[in-house]
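Scroll down for the structure; my scribbles are underneath it.
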Amino acid sequence: MVCLLLVASRPAVATGDGQAAFQSITTSLAPAACHDEIDPSSADDAHRLRCPGVGGYALIPTIDDVREETITLVDPQRQETQLDYGKKVPTHDCRIDQKIEWRATTSSAKPVPIALIVHLNSYKNYFEPKTLIKSYWIIAKITSNQACITDTILDDKQSPDQVRQLADSAQARPCLSAIHPE
């Protein structure tokens with residue numbers, strides 16, 4: 001089982017007092033918020049959804065053949081990036097919430113993504129919501145040379161504001177290298 005999360009971001013911009021100014025911007029993976037396109041990597045012209053992101057980024061949600069949802073991040077240069085977070089969170093079948101939270105700074109009056117916060121639910125059976133095992137907040141950082149998962153948090157262990165604070169400082173933390181213990 002593999003769940004993927006793709007994210008991208010840029011360094012924080014300092015305010016006049018030396019503090020970085022962060023904002024939350026929410027986008028959606030709901031089909032109505034996205035547009036259909038042909039997958040250029042598909043030999044049989046398969047279709048996929050491209051959902052708008054922040055600062056020229058886009059997200060491509062997919063469900064693989066073992067019922068695990070993935071997100072591919074597309075940067076403004078149309079480069080696609082993946083992070084495998086199924087290896088960072090003990091999951092079974094997983095489902096990503098349709099609401100995606102971007103943490104961003106501002107440069108030249110435009111938002112610049114620095115992190116992505118995704119809520120992931122782990123199920124015994126993907127098609128049966130009553131089989132929920134655990135829910136996680138997944139935080140990823142992006143620097144000029146690296147994108148990686150820095151935090152996996154059980155959703156009952158931190159408040160949303162605490163999760164945002166962790167995302168805002170994610171670039172200072174190392175990448176997770178293995179499954180995060182529960």
Could you tell me whether the range 113-121 includes any residue that is surrounded by 19 or more Cβ atoms within 10 Å (Cβ to Cβ), at pLDDT below 90 and under 19 Å from residue 30 (Cβ atoms)? yes
Subset of the range 65-80 (residues that are at pLDDT 65 or above, surrounded by fewer than 16 Cβ atoms within 10 Å (Cβ to Cβ) and either under 16 Å from the mean Cα position of the chain (by Cα) or not charged (D, E, K, R) (or both)): 76, 77, 79, 80
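Within 24 Å of residue 164 (Cβ to Cβ), out of contact with any Cys (no Cβ under 7 Å at 6 or more places or on another chain), of a type in the set (Val, Ile, Thr) and modelled with pLDDT under 75: which single residue out of 54, 7 fits that description?
After ruling out the rest, the residue left standing is 7.
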Residues satisfying the stated conditions in the range 101-135, i.e. part of a strand (DSSP E or B) and of a type in the set (Val, Ile, Thr): 105, 106, 112, 114, 117, 118, 133
Within the group 108, 24, 28, 42, which residue is at positive phi, at pLDDT 65 or above and of a type in the set (S, T, N, Q)? 108
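The values are calculated or read from the model by the stated rules, or taken from the named source; none is laboratory data. Being a predicted model, the structure only gives us computed values, none of them experimental. Reconstructed Cβ throughout: ideal geometry from the backbone, glycine too, with neighbour counts over all protein chains shown.
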